[in-house]
Amino acid sequence: MLEKTKQQTQDQPEKVWGYTFYTSHATLPAGRWCIQALHGNLWVFTGQQETVIESGNSFIVDDETPVVIRSLYRRGGAEFTAVQQTHTSQAQ
């Protein structure tokens, strides 16, 4: 489940909020994203890597393939936010 928290404009990056389960993943478009695990641990997959983000931590992924996010554990879900990183937002 993904929800946009603000519409993307040229000067503001896209920000989404999501809640995912082990069996029901969320998918972000390809690109550079800063993903933060709010509650629960995340299991993040791209075409090039696989990583675990523990609750309260964040991780930047940069890939030309879609980003798949799911809860690390079979029981319970995980809440996260993701902000698309652009050249403008990196300079700030």
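The values are calculated or read from the model by the stated rules, or taken from the named source; none is laboratory data. Note that the structure is predicted; figures quoted are calculated from it, not measured. Positions of Cβ are generated from backbone atoms using ideal geometry, with glycine treated the same way; all protein chains shown enter the neighbour counts.
When Gly40, Gly56, Gly47 are checked against the criterion of being more than 12 Å from the chain's Cα centre (by Cα) and buried (at least 17 other Cβ atoms within 10 Å of the Cβ), Gly40 stands alone in meeting it. All conditions in (1) modelled with pLDDT of 95 or more; (2) out of contact with any Leu (no Cβ under 8 Å at 6 or more places or on another chain) hold for Asn41, with the sole exception of (2).
Do we have Val16 as of a type in the set (A, V, I, L, M) and at pLDDT 95 or above here?
Judged against the criteria, Val16 is not a match.
Residues in region 50-73 that are farther than 18 Å from Gln85 by Cα and either of a type in the set (Ser, Thr, Tyr) or at pLDDT below 95 (or both): Glu50, Thr51, Ser55, Ser71, Leu72, Tyr73.
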